[in-house]
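Here the structure comes first, spelled out in structure tokens, and everything after it is commentary.
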Amino acid sequence: MAAVTLASIMAGLETRLATITGLNVTDTVPGQITPPYAYVGVPDIPNYRASFSRGSFIPNPTVTLYTSSKALGEDQLVLASFADVVGANSIPLAIESDRTLGGLGVDCTVTAFRTLGMDEVGAIGYYGGVFALQVIAAGS
């Protein structure tokens with residue numbers, strides 16, 4: 001099996017997110033968006049010594065989600081539907097339904113979610129949140 005790369009992890013996550021009907025998604029940071037919109041950030045590598053040598057490769061990607069240009073009532077409920085662990089909009093469920101990310105030979109889990117409040121993309125404010133993930137793959 002070929003070595004797992006950060007780009008292959010990002011693409012695998014994009015594929016999992018694309019299973020959510022109506023969610024616009026890319027595996028890189030966008031210039032403009034149409035909500036609901038999610039993108040996969042370049043994974044953090046908290047410790048190169050532990051990650052790339054003889055043990056496990058353990059990057060920590062994020063998925064940033066924008067649901068609307070305001071943060072009122074129903075907009076908060078839409079964000080909650082994506083953060084929930086069940087339901088048609090559930091990002092944790094979509095990702096963890098195939099923790100191998102399409103057969104990459106990894107184990108991907110969603111570890112946390114935090115609300116962003118309003119964040120700016122292309123000079124427009126959007127309401128959303130960030131999912132933290134952990135991917136464990138065999139090291140080299």
Checklist entry - Restricted to segment 92-128, and to residues that are over 27 Å from GLN76 (Cβ atoms), touching a residue at least 40 places away in the same chain (Cβ under 8 Å) and of a type in the set (Gly, Ala, Ser), which residue is least open to solvent (accessible area, probe 1.4 Å)? => result GLY105
Checklist entry - Yes or no: PHE131 touching a residue at least 40 places away in the same chain (Cβ under 8 Å), within 20 Å of PRO35 (Cβ to Cβ) and not in a loop (DSSP other than H, G, I, E, B)? => result yes
Next on the checklist: So ASN89 ticks every box in (1) closer than 19 Å to GLY128 by Cα; (2) touching a Ser or Thr at 6+ places or on another chain (Cβ under 6 Å); (3) surrounded by fewer than 16 Cβ atoms within 10 Å (Cβ to Cβ); (4) not hydrophobic (A, V, I, L, M, F, W, C) but one. Which box is left unticked?
Outcome noted: (3)
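When you check SER81 against the structure, is it open to solvent by less than 40 Å² (accessible area, probe 1.4 Å) and out of contact with any strand residue (DSSP E or B) (no Cβ under 7 Å at 6 or more places or on another chain), yes or no? If you could, list the steps in order and put the result at the bottom.
Values: open to solvent by less than 40 Å² (accessible area, probe 1.4 Å): yes; out of contact with any strand residue (DSSP E or B) (no Cβ under 7 Å at 6 or more places or on another chain): yes.
Here the answer is yes, as SER81 does meet what is asked.
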Checklist outcome for this item: Out of (1) under 11 Å from LEU13 (Cα atoms); (2) in contact with a Phe, Trp or Tyr (Cβ under 6 Å, 6 or more places away or on another chain); (3) among the small types (Gly, Ala, Ser), the one GLY128 does not meet is (1)
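Residues are listed down the side, and each one gets a yes or a no for (1) touching a residue at least 40 places away in the same chain (Cβ under 8 Å); (2) part of a loop (DSSP other than H, G, I, E, B); (3) not small (Gly, Ala, Ser):
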{"site": "GLU14", "(1), (2), (3)": "no, no, yes"}
{"site": "THR21", "(1), (2), (3)": "yes, yes, yes"}
{"site": "PRO35", "(1), (2), (3)": "yes, yes, yes"}
{"site": "ALA38", "(1), (2), (3)": "yes, no, no"}
Item to check | Condition broken by ALA94, with the remaining ones in (1) on the phi > 0 side of the Ramachandran plot; (2) modelled with pLDDT of 90 or more satisfied | outcome: (1)
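The values are calculated or read from the model by the stated rules, or taken from the named source; none is laboratory data. Keep in mind that what you see is a predicted model, and the values were worked out from it rather than measured. So basically every Cβ, Gly included, is an ideal-geometry build from the backbone, and we count neighbours across all protein chains shown. Each accessible area value is taken on the protein alone, full model and side chains, heavy atoms only, with ligands, DNA and RNA left out. Shrake-Rupley method; radii C 1.70, N 1.55, O 1.52, S 1.80 Å.
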